[in-house]
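First up is the structure itself, then whatever we jot down about it.
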């Protein structure tokens, strides 16, 4: 039985609490959040041991792993403290707001041979997995263009908002939305080598940008487009779509389906004729022991748990692969220049309250 603690029990954190507590191979020993009312409710109604001090939770409990679902600005420091105690770590995305922090953490994880994973859940969606399989099979021929889109209704008015729309805490649509689309491109096609033509604009936010557009440039000559807007209320929730064009066809994939067009059949896909073929996530997804929000959320936790149990350092969504997305995000934040940009230093009030 893997003994786990969780830090950050807000919207995403509570989902993780439910999934982890339902996992047959995990004992969720303790949770940590700055909100005392939330801790009181969880302690009273679930029996979970809750803390407002992260250090205290780590020091007072024998843990094998920790799940971090706090605001993004806290990730690097909290991961480092977990590593100091030789704990395996699942961290919500984005991995870090500063590429240098990510490089340090990746090096520590490799040195200590710790299991790491970041919550890029699209890699566990059946349709996205199918798209990656098809592109990597070579059936599309030479890939020459990619388009990545992410839209949703996060910031829809000038006033209000959450930590996600504060530059020092979340980083805005670039760090919260674009990172998903970028990681999906990395997963399906491969990593862009540079970015150019960057456009970042606020729609309603005062502190961050709500929409991001840029060109992705790949080492083999392929081009790409990234289009992100989290102030689009025509979408009920976040919607991410990746399209890939090759010399022998194209694919378009989202949460629901993978649309495939082949000019000519390809031997690597004997079950896919020329013309259009549509494969649905429901047909490409394995059942999970517990459903909440989508099978992919449980599947990613199960992947992490199995890797911890087997001490399998390599796997899906490691810190190293997540850092690849962070590098591209940093290039975009820096206007397209390749050297990483360091975001403004985090305001320490939230982190100090949580960590004591």
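Give me the percent of DSSP beta bridges within the chain that run antiparallel, rounded to the nearest 5.
Bridges in the chain that DSSP calls antiparallel: roughly 60 percent.
Per residue, how big is the convex hull of the chain when only Cα atoms are used? Give it in Å³.
Normalising the Cα hull of the chain by residue number yields 138 Å³.
Can you give the convex hull volume per residue for the Cα atoms of the stretch 122-284, as a whole number of Å³?
109
Using the 10 angstrom Cβ neighbour count as an exposure proxy, how do 121, 144 rank, fewest first?
144, 121
List the relative contact order of the stretch 41-126 as a percent without decimals, with contacts defined as Cα pairs under 8 Å and 6+ residues apart.
Numbers: 87 pairs, mean separation 21.0, N = 86.
It comes to 24 percent, rounded to a whole number.
When only Cα pairs under 8 Å and 6 or more residues apart are kept, what is the percent relative contact order across the chain?
21
Can you sort 226, 262, 284, 42 so the residue with the fewest Cβ neighbours within 10 Å comes first?
284, 42, 262, 226
How do 9, 238, 1 rank when sorted from fewest to most other Cβ atoms within 10 Å of their own Cβ?
1, 238, 9
Which of 216, 269, 114 moves the most in a Gaussian network model of the chain with Cα springs under 10 Å?
269
Throughout, read-outs are computed from the coordinates displayed, never taken from laboratory work. In this text, all values refer to a predicted model and were calculated from it rather than measured experimentally. Backbone-built Cβ (ideal geometry, glycine too); neighbour counts: all protein chains shown.
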